[in-house]
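Reviewing the structure listed below.
Read-outs: derived from the displayed coordinates by stated rules, not from any lab. This is a predicted model, so every value here is computed, not measured. No Cβ is skipped: glycine too gets one built from the backbone with ideal geometry, and neighbour counts run over all protein chains shown.
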Amino acid sequence: MAPRPLIAGNWKMNGQLRDLAELQAIADAGRNGLNEGRDILICPPATMLSASFGILGDVAAVGGQDCHPADSGAHTGDIAATMLKDVGARYVIVGHSERRADHGESDELVRAKAEAAMRAGLIAVICIGETEAERDADATTDVLDRQLAGSLPDDVDGDQVVVAYEPVWAIGTGKTPTADDVRDIHAFIRRRLVDRFGDAADGVRILYGGSVKPANAAEFLAIDNVDGALVGGASLKASDFVAICQASPTA
């Protein structure tokens, strides 16, 4: 049985309190059945977490965009997974390509953050993906193999971890891989998960991300082993995000 689909919106470094109206529109759509048969997640900036939880309630989950590997301590400007949990978060994104590129995050650090999330009772959305140079060098599966081996904790299941495949060259560029490419890559990821975790891997959701829009969402979400989407820019506008949610299959 396929895992319950998950449509996740990553607002990145966007959004102020005036943009809570977009979350209200998503919440209203959820109360009209948008979340029936699928899970919905919004990861706003940290400054909006508490307000977002108050609006979305039980219609959609709220998540953080990153966490520190430590549970607390002298780490100015960082946020612990325990703090995210404390304000109502249920998920946290770790290892996004922008964190890996902008902050030099290694697979080992991503793994430590995922472990911190699991300790706090959060679901870790662990991101993997190749750059355009790696794709052009036919190194996609080698890169994903290394990231999966290094970034995922040893004992995981679908209640603790989501894997998000985001080809770096497709994020915010309007470029996307073909449906056949996505099918092959997600099948590869599933095989690697099964090789490592056995039957527990069947419940791990694999999301596709990278320029997901209302116009292409249905095609991607219908592909085998695509259990949802990690949506960037299109999640900032409620009408676009709702349309992507509506394009996804239901459990």
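A few points about this structure:
- Dipole check for the range 1-141: with +1 at the C-beta of Lys and Arg, -1 at the C-beta of Asp and Glu, and the Cα centre as origin, the magnitude is about 540 Debye.
- Centre separation in Å (Cα based) which lies between the range 146-197 and the range 27-56: 24
- Translational diffusion coefficient (Stokes-Einstein; Kirkwood radius from C-alpha pairs) of the range 83-195 at 20 °C, 1.002 mPa s, in µm²/s: 147
- Burial ranking of peptide ranges 62-74, 113-125, 129-141 (average Cβ count within 10 Å, highest at the top): 113-125, 62-74, 129-141
- Computed over the range 177-251, the percent of Cα pairs more than 20 Å apart is 33.
- Semi-axis lengths, Å, the range 15-133, gyration tensor of Cα atoms, sqrt of 5 times eigenvalues: 26, 17, 14
- 22 Å Cα-Cα reach of LYS175 towards lysines, excluding residues that sit fewer than 8 places from it in its own chain: LYS12, LYS213, LYS237
- Amide hydrogen proximity for ALA164: with H placed 1.01 Å from N in the peptide plane, the residues at 5 or more positions away or on another chain lying under 5 Å are ILE126, CYS127, ILE128, LEU207.
- With an a/c value under 1.5 for the gyration tensor axes a ≥ b ≥ c computed over the alpha-carbon atoms, the chain is described as rounded.
- Theoretical ellipticity at 222 nm over the chain - DSSP helices of four or more residues, -39500 (n - 2.57) apiece, nearest 500: -11500 deg cm²/dmol
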